[in-house]
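Okay, so here's the structure we're looking at.
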Amino acid sequence: MLSAEQRAALEAYYGLDKPPIQQYFVWLGDALQGNFGFSIRHGSAVLPLIIEHFPITLELAFMAIVIALGIGIPIGILSAIRHNSLIDLFGRMFSMLGLAVPNFLLGTLIIYVLSVYFGILPNSGNYTSFSEDPWLNIQQLIFPAITMGFSFSASVMRMTRSAMLEVMNEDYVRTARSKGLRESVVIRRHALRNALIPVVTLIGVEFGYLLGGAFITEQIFSLPGIGRLAVNAISQREYALVQGVTLFIAINFVIVNLAVDLIYAAIDPRISYASHE
Amino acid sequence: MSRSLRTGLFLLVMLGLLSIALPMSAQDNTLIMARAVDATGLDPHTQTAFVSLAALSMIYEPLVTTDNDLNLIPALATGWSFSEDGLKLTMNLRQGVTFHDGSDFTAEDVIASFTRLLNPDVASAAATNYASITSMEAPDDYTVVFNLSQPDVPLLAAMASTNAVILSSDVIANEDPALVTIGTGPFKLAEWTPEEKMVLAANEDWWGDGPYVDGIEVRIIPDEASILAALRAGTIDFAYLNDPLVATLLVDDANVTLHRTPVLSYNVLQLRAAVEPLDKLEVRQAISCAINRQEIVDSAALGEGRVTGPLTMASFALPTDDLFCYEQDVAKAQELMAAAGMETGFTLPVMVANAEPPTATAIAQVIQAQLDAINITVEIESLELNTYVDRWLAGDFSAAVALNGGRTDPYTMYARYWQYDARFQNVAGYIDDSLDSLMKQGQVETDPAARYEIFAQLQRELAEKAPWVWLYAPYTYTAHQSYVSGWEPTANDSLYFLYAAQINR
Amino acid sequence: MPAMNKAVSLNQPMKPLERGPLREFLRNFRHNLSGMVGVILVGLFVLISVAGILKITPFPILEQHPLDRLKAPGEIPAYILGTDQFGRDVASNLMKGGANSLQVATLSVLMATLAGTFVGAIAGYLGGNPDTILMRLMDILFAFPSLLLALLIVTIRGPGLENTILAIAIVYTPIFARVARGPVLSLKETEFVTAARCIGAPETRILLRHVLPNMLAPLIVQVSLALSWALITEAGLSFLGLGTQPPEPSWGLMLSSNRGLAEIAPWLIMYPGLAIMLGVLGFNLLGDGLRDVLDPRMRGRR
């Protein structure tokens, strides 16, 4: 293997001969300058690797959110309007199911059904970026996005439903009704807008998580995103890469939460930054 | 309106980020191949993982190689001859061969490559096989003479290995072969994104006929069930499968051709006699007797495999009936445990790699159930491949379920394990004078009948001393769409012959 | 309206879950459909798991029957849910797998509850700088996707049952810290706490006797929901090969290791999948039911 001399030379090169605390500050100093270290396995610096893998995760998160909202909000509204009806019951059952199906189970089922019964598999390790071929790109990402969006749609549905129910009892909705406005107008103009405020918070939190990478979904559908990068880095003990990805994910989460606060302020007239503590 | 403006801006930024493009290349005549595990590194002289060697076999070439029937055929050497006394091997090199960087292939490269292989600092995987080479000389640019310390019959077979490929002398002198991949083979490395894909371009200047495809794109799809799905969906052309449970599902598929190839590699339960209580002969023998090998094949591989002794090549393999305890005998195993004073049993940690081969964890579970009968509690340690290989190389384990490579020649197959000072002696964990001497006799003996007898004896001794418990030889599976032709699989897991593959959609 | 209810519940908080309220709770709960379905599912889960732990299974756990490989459910009547590639009884494996999952889930949630409640209560009670520091720490933990955090912990400490428990416990600690901090913050300024302090009761006693009981309702709800997440996380970790190690059965592991066999033996992934779903569903429904009953503000709206 390595001679003692070679080992010492290598340790000095990578700075491993210094005390851990000094190593940490060297790493931190480098990280602040955008230098997250080097991945030996990939033969590349960590930051470009992360940047290269991020768009897929970002797009996937976007599509998952769109799917979740597209399913969750209408069902949530319907459930709330037809409170305690058959529709409501089905809606609630759907949301319960959605929360109970882990995405690795759903992903496995989707791949199984698609390939065995329909003979199609939209993605086989050949991710095509959006700018290259938008249509193909969406085809490739739609099933992973459904996998990720499904359980989220359930929480969106629950949140929408309970927020709607609460709002519908508020004075201003009753006032709107008593003015003789049509029910659809009341719901659209008055109830929905206020009911969506908590949903936005939920989206924010969830978006932050989705950007952290869909570890299992990316693994099952072999998509080269941040999640798969992280899982591989972890299992191969690529510490520089693990540190880089972790920090990146945490920063993402903070940025997204900041963005949510901004949007929150934008749609809720009651919140302004002056009064926000 | 600043609110909607802000929301709009946010969305715009996100969309902008979306359009960051990834470079992608796919031509119609590119063979799209998939496998579950990626190469662990690119230095052909030091790699031991099958996946790495299979990938490198398309890029680099050895002096000689083997055909489908495991006969030696010329590669970078066109002819070879031993001197009368067997102490000189003269090789005539192919002329007009160029490396991927355009430089000419000459005797200098051969000498540089073998010098590197024999350099202890390089820690070459197969160095032991070439230990008889004392010096090399080049009478001219296209002739190399290997001077040997003793007659070495298996040397030629040993050279037919991806571990003995020829690197450019420039690269050896000035670069790190683990990072700079320049070979003479039918394909050139164009791009490697570890754990995602490796793109190979056809080498237009290759000396042989072919390749007929523009390139090969090796995609890593971490799950063989997904590879199967991709084959059925027609999104990949070619697949390399290890999992018999998955591969056998393709048998009846009209659009996919499945090749099932018996290979020389073998599944084995490696015991390290250096570790207590495996240092006791009776304990190792008890383990061997307690194991029902056919049941392992039936459970772990659904019957896809052949029970084997230490040697897997047909020309040398003894019938398994001749070997110690190849019929499960629990009573005898219990007696042996008692004789060793271990009737109360012990705990045996067994390490396995979690995906390579896919059957490893299942093998370990069957062994666990079988050894329970003699009070041995097997603790399965499931490791990621890289970690597993590191610990395997360091000999840092008590027992391991391993899939080890076979060779056409018995000496080449085991030179690195069963000799004093062998490269992987520490991994083997056991050695004695008798094994060492049998190996050394087998290396120099030129009479085929006498050689057969030497290795028959080696097999009997290995089975009886049970340093390892040999289990079964698996099959490997290559599958491709019916529009792919020209591919013939070989028993040594090489993908070299993909140069003959064609796509006729 | 919510504010009013809060005030009501704060006026008589001395012994909130005594006999009277407990009886009322049970009466209310019995009429809560989702809660009752949850109780039944969770009860079944616990029953199966206890049987698994006590080894009251149709076949000895992990016993291999080499001649009965890959039998479909009912093909041999003794194997109700069929057998796997080793000829192991799927039903027995599921029972032990359930026990393992339940063990991981309960122990990790218990640890998270204790640690989180402690941190949250201390932070809320002390206020000021300690509060800020503790809660920022919790926020940092919270900023990681739970699976990534669990993965990191398992990577550092190695896979296995104990580390899975530890990982999940750490992941869910911040949630409990948040749940606990809120009530403490609002309670510590209330009359009865001030009164207790005036009598000269020691701070720890105030926390334990007066503040803690008032956090019980939200905590119970949270525990039930956290159990369902813990189940999912455990299954996910095992699915990635980093949780429960073979041959020890686990639902997530059964699902992932049998994916290759899904086509010839669909029951091998169907039942573990179903088991995970029902287990998670049970704890979710139970949590919902508990919230409906315990949190008057939510009553009748779910």
Problem set entry | Test: residue in region A:70-90 that is within 22 Å of A:VAL205 (Cβ to Cβ), within 11 Å of another protein chain (Cβ to nearest Cβ), outside any helix (DSSP H, G or I) and not hydrophobic (A, V, I, L, M, F, W, C) | no
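Across region A:54-69, what is the total count of residues that are open to solvent by less than 20 Å² (accessible area, probe 1.4 Å) and facing another protein chain (nearest Cβ under 9 Å)?
Within region A:54-69, residues that are open to solvent by less than 20 Å² (accessible area, probe 1.4 Å) and facing another protein chain (nearest Cβ under 9 Å) number 4.
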Seminar exercise, completed: Subset of region B:216-234, residues surrounded by fewer than 21 Cβ atoms within 10 Å (Cβ to Cβ) and more than 7 Å from every other protein chain (Cβ to nearest Cβ), comes to B:GLY234
For this session: Scan (1) within 13 Å of another protein chain (Cβ to nearest Cβ); (2) modelled with pLDDT under 90; (3) open to solvent by less than 10 Å² (accessible area, probe 1.4 Å) for the single condition B:GLU384 breaks and write down its number.
Result: (3)
Exercise. What do you reckon, is B:THR490 farther than 23 Å from B:GLY309 by Cβ, modelled with pLDDT under 95 and outside any helix (DSSP H, G or I)?
Worked result: no
Exercise. Which strands (runs of 3 or more DSSP E) does region B:125-237 wholly contain that include 2 or more residues that are hydrophobic (A, V, I, L, M, F, W, C) and within 24 Å of B:ALA500 (Cβ to Cβ)?
Worked result: B:187-193, B:197-202, B:215-220
Exercise. Which residue, of C:LEU227, C:LEU242, C:LEU231, is within 14 Å of chain B (Cβ to nearest Cβ) and of a type in the set (A, V, I, L, M)?
Worked result: C:LEU242
For this session: Mind telling me which of the residues B:THR377, B:THR344 ends up being out of contact with any Ser or Thr (no Cβ under 6 Å at 6 or more places or on another chain) and of a type in the set (Ser, Thr, Tyr)?
Result: B:THR344
Seminar exercise, completed: Scanning region A:194-252 residue by residue, those surrounded by 24 or more Cβ atoms within 10 Å (Cβ to Cβ), at the interface with chain C (Cβ under 10 Å from one of its Cβ atoms) and outside any helix (DSSP H, G or I) turn out to be A:GLY212, A:GLY213, A:ALA214
For this session: Filter region B:165-189 down to the residues that are crowded, with 24+ Cβ neighbours inside 10 Å and not aromatic (Phe, Trp, Tyr), then identify the one that is farthest from the chain's Cα centre (by Cα).
Result: B:SER168
Problem set entry | Verdict on A:GLY43 being surrounded by fewer than 21 Cβ atoms within 10 Å (Cβ to Cβ), away from chain B (no Cβ under 14 Å) and either in contact (Cβ under 8 Å) with a residue 24 or more places away in the chain or small (Gly, Ala, Ser) (or both) | no
Exercise. From the list B:LEU42, B:LEU9, which residue is within 28 Å of B:ASP176 (Cα to Cα) and at pLDDT below 95?
Worked result: B:LEU42
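Residue-by-condition table, conditions (1) within 21 Å of A:PHE221 (Cβ to Cβ); (2) without any contact (Cβ under 8 Å) to a residue 60 or more places away in the chain; (3) surrounded by fewer than 17 Cβ atoms within 10 Å (Cβ to Cβ):
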position: C:ARG209; (1), (2), (3): no, yes, yes
position: C:ALA262; (1), (2), (3): yes, yes, no
position: C:LEU281; (1), (2), (3): no, no, no
position: C:LEU285; (1), (2), (3): no, no, no
position: C:ASP288; (1), (2), (3): no, no, no
position: C:VAL293; (1), (2), (3): no, no, no
Problem set entry | Residue under evaluation C:PHE192, criteria (1) within 14 Å of chain A (Cβ to nearest Cβ); (2) surrounded by fewer than 21 Cβ atoms within 10 Å (Cβ to Cβ); (3) of a type in the set (A, V, I, L, M, F, W, C), criterion not met | (1)
Problem set entry | Residues satisfying the stated conditions in region A:165-184, i.e. assigned to a helix (DSSP H, G or I) and either within 10 Å of chain C (Cβ to nearest Cβ) or touching a Ser or Thr at 6+ places or on another chain (Cβ under 7 Å) (or both) | A:LEU165, A:GLU166
Seminar exercise, completed: B:LEU393: passes all of (1) within 14 Å of another protein chain (Cβ to nearest Cβ); (2) surrounded by 20 or more Cβ atoms within 10 Å (Cβ to Cβ) but (2)
Exercise. In this structure, is B:ALA247 within 14 Å of chain A (Cβ to nearest Cβ), under 28 Å from B:ARG35 (Cα atoms), in a helix (DSSP H, G or I) and open to solvent by less than 40 Å² (accessible area, probe 1.4 Å)?
Worked result: no
Exercise. Among the listed residues A:LEU78, A:LEU141, A:LEU121, which satisfies the condition of being under 21 Å from A:PHE215 (Cβ atoms) and modelled with pLDDT of 80 or more?
Worked result: A:LEU141
For this session: Name the residue, out of B:TYR420, B:TYR472, B:TYR411, B:TYR452, that is more than 25 Å from B:ARG232 (Cα to Cα) and in a loop (DSSP other than H, G, I, E, B).
Result: B:TYR420
Problem set entry | Residues (more than 20 Å from C:GLY287 (Cβ to Cβ), modelled with pLDDT under 90 and either assigned to a helix (DSSP H, G or I) or polar (S, T, N, Q) (or both)) located in region C:6-51 | C:LYS6, C:ALA7, C:VAL8, C:LEU10, C:ASN11, C:GLN12, C:ARG19, C:GLY20, C:ARG23
Exercise. In this structure, is B:THR257 hydroxyl-bearing (Ser, Thr, Tyr) and out of contact with any Gly (no Cβ under 9 Å at 6 or more places or on another chain)?
Worked result: yes
Seminar exercise, completed: Of the candidates A:ARG189, A:ARG174, A:ARG161, A:ARG182, the one satisfying the condition of being charged (D, E, K, R) and at pLDDT 80 or above is A:ARG161
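The values are calculated or read from the model by the stated rules, or taken from the named source; none is laboratory data. Because the structure is predicted, anything quoted here is derived from the model rather than measured. With ideal geometry, Cβ positions are generated from the backbone for all residues, glycine too; neighbour counts draw on all protein chains shown. Note: areas computed on protein heavy atoms with side chains; ligands, DNA, RNA excluded. Shrake-Rupley method; radii C 1.70, N 1.55, O 1.52, S 1.80 Å.
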